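Undergrad: Dropping the structure in here first, questions after.
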Amino acid sequence: MRRIDLMKPRRHFSVAVVPVAVATVLALVAAPVGAAGVVAITDDTTPVPPATPSTTVVPDTTVVPEIPEPSGLIQLPPPVNQEIAAILENERRAAAVEEAKAVAAVEQATADAVVATAQSALDVANAKVAESAAQLAATQAAYDVVVARVDQAKVHVDSRKDRATEIGVEMYTATGSTRDPRMTVTIALLADDGVPDASTAQAYRDVVAEAAFGDLQSARRAVERIKKELHAAQEVVDGAAQALKEVDAAAKLVQADLIEAQKAAATVAKAGAKQVKAAEAQAPSLKSTELTGGLGILGDPLVSANDLAAFVRQTGRAHPSIDLDALAATYIAEGKAEGVRSDVAWVQSIIETGWFSFKGSMVEVNDYNYAGIGACDSCSRGIIFNNMTDGVRSQVQLLRTYATKGLKTTDLANPPPRLVPEKSYVRGCCGTWMRLSGVWATGPGYGIKILSLYNQLISFAAARRAR
């Protein structure tokens, strides 16, 4: 296959459709094979018998199967098998719905977990409020007990005061004593054993008055002691009241968090339901006009990564150093990121690399160049990429560039490893795979080869589903 520089503009080749050429193309693009496998067409157009997928195919060390260039300068696109495409499209839509449901379920579970955490925190906060309220009630009760003791002590003081007054009045009026009952009992009134000498009525009354006054003083001191207890009890009550105030404020904050979490969970539920509904109502990516041959470069893949890898693996042609599963998964991921049909891009790479064998190619397996990018008739070698992802990403982004007018680097989902859209002179030149003929490669049948092999791919994928 002649190559052209993908970064330079090329005119499309003229088309001369003749009856012989048409007949040749129709023979090449006959209905795809069934469940038995893929029919590879050699250079002499002799069909190779299909390989049973469950049987290991011994690699052919001399000839790499390749879809041949159609005879004549023609541009007749093969139609995509509508029945198979519809089956795969329905499966893709069903998978999209299930994926949307799974994503919604995960997001809802996360939101519900936040609500549950907030509810648990509120329960803990409310328990602290109840505990603080009980503590305040207990301290208030203890305070009330001390208040009662103070009142009782004051009554005792009043009674002692009244008694002392009565005795004093009695002493002054009955005996004419001039002794001040508030004076301390003198040593002379005390016997050796410490008992007051009450030999005389006057002395007795003096002693009684002194004792009454002493009781009064003791009662007053008891009142002061209890008042100190009352002050301490008041501090305890105030502390308990402040603690209750703080935990109550914290509980209100937690309750506000719970309300917000509940609102967020409701929003997530609505968004999830909307996403699922959108997935269920999603229009098929293959439209009737595309099924007739104008298959667009942009769109969703119909074939899974597992089927892409199995399609190549059943030929046994891929280079042993290539991890087909990882490579296929990378194509699906990069295609999804840029909106490019990654399963058709995979077919393009099969054609460009000889089923990923790289035999007779201008690029080598370690170049990570899966689409002949930069390999042209006047070049010695194609572009060398650093790794598998860079190679796939560059191919997918270049396809998007070809299919999108005015595409800019900032429009891409990921930074380009090497090629930037602004430096491509053919931005928006090719909306379909057929339009790549004479642009990506010089051969006028390039698009036909891609779509012919793509029919085989979707037939192979549908057959695997039917097992």
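The values are calculated or read from the model by the stated rules, or taken from the named source; none is laboratory data. Keep in mind that what you see is a predicted model, and the values were worked out from it rather than measured. Positions of Cβ are backbone-derived with ideal geometry, glycine not excepted, and every protein chain shown enters the neighbour counts. Accessible surface areas use protein heavy atoms only, side chains included; no ligands, DNA or RNA. Shrake-Rupley method; radii C 1.70, N 1.55, O 1.52, S 1.80 Å.
Undergrad: Do we have Pro415 as free of Cβ contacts under 8 Å to residues at least 24 places away in the same chain and in a loop (DSSP other than H, G, I, E, B) here?
TA: So Pro415 fits the description; yes.
Condition check ((1) of a type outside the set (Val, Ile, Thr); (2) more than 25 Å from Gly299 (Cα to Cα)) across all residues:
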residue: Val340; (1), (2): no, no
residue: Trp346; (1), (2): yes, no
residue: Thr353; (1), (2): no, no
residue: Ser378; (1), (2): yes, yes
residue: Ala413; (1), (2): yes, no
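Undergrad: Filter the range 357-369 down to residues that are open to solvent by 40 Å² or more (accessible area, probe 1.4 Å) and among the charged types (D, E, K, R) and give me whichever is farthest from Asn455 (Cα to Cα).
TA: Glu364
Undergrad: Let me ask something else about it. Take Gln108 and tell me if it is in a helix (DSSP H, G or I), modelled with pLDDT of 90 or more and either surrounded by 15 or more Cβ atoms within 10 Å (Cβ to Cβ) or touching a Lys or Arg at 6+ places or on another chain (Cβ under 6 Å) (or both).
TA: It is false that Gln108 is in a helix (DSSP H, G or I), modelled with pLDDT of 90 or more and either surrounded by 15 or more Cβ atoms within 10 Å (Cβ to Cβ) or touching a Lys or Arg at 6+ places or on another chain (Cβ under 6 Å) (or both).
Undergrad: Between a first residue in the range 126-140 that is open to solvent by less than 60 Å² (accessible area, probe 1.4 Å) and a second residue that is not hydrophobic (A, V, I, L, M, F, W, C), which pairs have beta carbons less than 7 Å apart while being 6 or more apart in sequence or on different chains?
TA: Hits for this filter: Val129/Asp248.
Undergrad: Looking at Gly428 and the list (1) within 16 Å of Leu295 (Cα to Cα); (2) part of a helix (DSSP H, G or I); (3) modelled with pLDDT of 90 or more, which single condition is not satisfied?
TA: (2)
Undergrad: Does Val237 qualify as being surrounded by 15 or more Cβ atoms within 10 Å (Cβ to Cβ), at pLDDT 85 or above and hydrophobic (A, V, I, L, M, F, W, C)?
TA: Yes.
Undergrad: Sticking with this one: What is the residue count in the range 386-412 for residues that are of a type outside the set (Phe, Trp, Tyr), part of a helix (DSSP H, G or I) and either loosely packed, with under 13 Cβ neighbours inside 10 Å or in contact with a Lys or Arg (Cβ under 9 Å, 6 or more places away or on another chain) (or both)?
TA: Residues flagged as of a type outside the set (Phe, Trp, Tyr), part of a helix (DSSP H, G or I) and either loosely packed, with under 13 Cβ neighbours inside 10 Å or in contact with a Lys or Arg (Cβ under 9 Å, 6 or more places away or on another chain) (or both) within the range 386-412 amount to 7.
Undergrad: If you scan the range 328-356, which residues turn out to be assigned to a loop (DSSP other than H, G, I, E, B) and either crowded, with 24+ Cβ neighbours inside 10 Å or of a type in the set (Phe, Trp, Tyr) (or both)?
TA: Within the range 328-356, Arg341, Trp355, Phe356 qualify.
Undergrad: Of the residues that make up the range 441-450, is at least one open to solvent by less than 40 Å² (accessible area, probe 1.4 Å), in contact with a Pro (Cβ under 7 Å, 6 or more places away or on another chain), on the phi > 0 side of the Ramachandran plot and outside any helix (DSSP H, G or I)?
TA: No.
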